[in-house]
Structure formats: structure tokens, C-alpha cells
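Below is one structure, written out as C-alpha cells; comments come after it.
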């Protein structure tokens, strides 16, 4: 079943009968599949509550207000080459100095697609961080970079960064679908987040891109701060327009 109406989406996301589709539990230690079986995103019940609490507890030590200027500064230091900036800034705040393995590990984190490269990247991360830190880096990597890329597609120099991010999260979010399994029937339910965000019946309600109900995103303020910092640099009207847009120049006239 595919859900496109906001009220239905909110109902499913608030009902404990709907859980994330299960992931395999028999993978070898230190692999991507092993990691997915031990993080909050793909777990349910008491295990989910415990793992989520560890993640939110770790997040509580990171002030989002410090992430935005750090992301802006790093973007400018790199001449506008912003790829990897959100992950590097968050990693530094979490005490993870080397985030070079995050992209390879994140490639299959949501889909579950396994590869030797992803397994090796997970092993590298485990050598220097615990599961809460790795969880935050992997969940934030692709989503935050996609949010920035989508925002740049519709942006122009001098744009209000907060307004641009709000519009992007509603109309062109980095995650367009989320899935749940109905534990009573065994059926999979797909929530179309874009359609639900645009549902006229929703009025002025906030977007659902950061989730709702029982399993909302644990770090919306942190993700927005990182994205805003990058955009602060890239959309600065005083920034040389030839700097930093080799990979994403959607804001140009």
C-alpha cells in the first residue's frame, strides 16, 4: 500500500504496529549488515528505545549552534568544495577525526546493499568510534548532502538560507519515501513523503521529512545547522561565483 495523504502518514508513523522492514541478523562481526542489525534505525521495541537513547544522549553533547559556523568556515577554506564538509564537521564534534570511510559505508546503509568496500569502511570506522557516533555519521551523510544539493538546485546568491531549506524539505526532500511493515498483516506500507508534505488537507503543518510520531529523526537541528553553514558560504553574494560550484551549480542564472 502506498500512502500519499498526510493524515494517513501521521497515523502509520504513530502506530507501533508499523515497524521498519527487518534486516538480517546473521552477518559477520564488523560488517555493514552486522552494523545495520545493531542500530536504532532498523530495530524495534526495547532494543530500539535503548539504542535511540544512546544516540540522542551522544547528540546532547553537540551544540547545533556551533556546527553552522564550522561548516561555513570549512566550506570557505576548501574554496567552496563542500562535498564531505557536513560529515567532517559532525565527525570533529563527535571526536571522530578521520571520516574518510563514511561515504563508502553510507552507500549501502539505507538500502542494505552489501559490498567488500562497505564492510572495510565499517571496520575502519569501528576502529575509532562507537556505534552511536557511527550511526549519526552514516545517517547524516547522504541525507545532509542530498539536502544541500537539492537546495542549491533552486537557490540563488543572497537567498534566505533558512527559507530555502524549509522549502526544500517540503517540496524536494533528500528522502522521498519511507517504508513500514504492518506486523498484523505482513504487508509493506510505503509513505510518499513528498505527496504527504504537499497534501492540501495538511494546511500549514510542518513537513514530514524528519519523520513523525514514534521514530522521528533524532538530529533535525544538527542536520539543518550543517546544511545552513554550507549554504551560508555558497550563497554569499560576495563569494566569487566561480568558486566551489563545479559539482553543483544549480543556483546560477
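Once the range 85-114 is narrowed to residues that are in contact (Cβ under 8 Å) with a residue 60 or more places away in the chain and either part of a helix (DSSP H, G or I) or surrounded by fewer than 18 Cβ atoms within 10 Å (Cβ to Cβ) (or both), the residue that is farthest from the chain's Cα centre (by Cα) is 114.
Of the residues contained in the range 192-204, one or more are found to be within 27 Å of residue 132 (Cβ to Cβ), in contact with a helix residue (DSSP H, G or I) (Cβ under 8 Å, 6 or more places away or on another chain) and either surrounded by 14 or more Cβ atoms within 10 Å (Cβ to Cβ) or modelled with pLDDT of 95 or more (or both). All conditions but one from (1) over 22 Å from residue 145 (Cα atoms); (2) surrounded by 19 or more Cβ atoms within 10 Å (Cβ to Cβ) apply to residue 42; the one that does not is (1). In the set (1) surrounded by 13 or more Cβ atoms within 10 Å (Cβ to Cβ); (2) within 30 Å of residue 19 (Cβ to Cβ), residue 72 fails one condition alone, (2).
You will find that of 13, 32, the residue that is within 18 Å of the chain's Cα centre (by Cα), modelled with pLDDT of 95 or more, surrounded by 15 or more Cβ atoms within 10 Å (Cβ to Cβ) and under 20 Å from residue 118 (Cβ atoms) is 32 and no other.
Entry remark, the range 136-146: residues being surrounded by fewer than 23 Cβ atoms within 10 Å (Cβ to Cβ) and without any contact (Cβ under 8 Å) to a residue 60 or more places away in the chain number 3 in total.
The number of residues in the range 35-55 being part of a loop (DSSP other than H, G, I, E, B), closer than 17 Å to residue 132 by Cβ and either over 19 Å from the mean Cα position of the chain (by Cα) or free of Cβ contacts under 8 Å to residues at least 40 places away in the same chain (or both) comes to 2. Could you please find all residues in the range 152-191 being surrounded by fewer than 16 Cβ atoms within 10 Å (Cβ to Cβ), more than 15 Å from the chain's Cα centre (by Cα) and assigned to a loop (DSSP other than H, G, I, E, B)? If the condition is that a residue be surrounded by fewer than 16 Cβ atoms within 10 Å (Cβ to Cβ), more than 15 Å from the chain's Cα centre (by Cα) and assigned to a loop (DSSP other than H, G, I, E, B), then 154, 156, 157, 158, 160, 183, 184, 185, 186, 187 are the ones that fit.
Scanning the range 75-84 for residues that are touching a residue at least 60 places away in the same chain (Cβ under 8 Å) and assigned to a helix (DSSP H, G or I), which turns out surrounded by the most Cβ atoms within 10 Å (Cβ to Cβ)? Looking at residues that are touching a residue at least 60 places away in the same chain (Cβ under 8 Å) and assigned to a helix (DSSP H, G or I), I get 75.
For the range 16-29, taking the residues that are touching a strand residue (DSSP E or B) at 6+ places or on another chain (Cβ under 8 Å) and part of a loop (DSSP other than H, G, I, E, B), the one that is surrounded by the most Cβ atoms within 10 Å (Cβ to Cβ) is identified as 20. The listed residues are 133, 117, 149, and the only one of them that is part of a helix (DSSP H, G or I), more than 22 Å from residue 179 (Cα to Cα) and without any contact (Cβ under 8 Å) to a residue 60 or more places away in the chain turns out to be 117.
The values are calculated or read from the model by the stated rules, or taken from the named source; none is laboratory data. The structure presented is a predicted model; accordingly, all values stated were derived computationally and were not measured. Backbone-built Cβ (ideal geometry, glycine too); neighbour counts: all protein chains shown.
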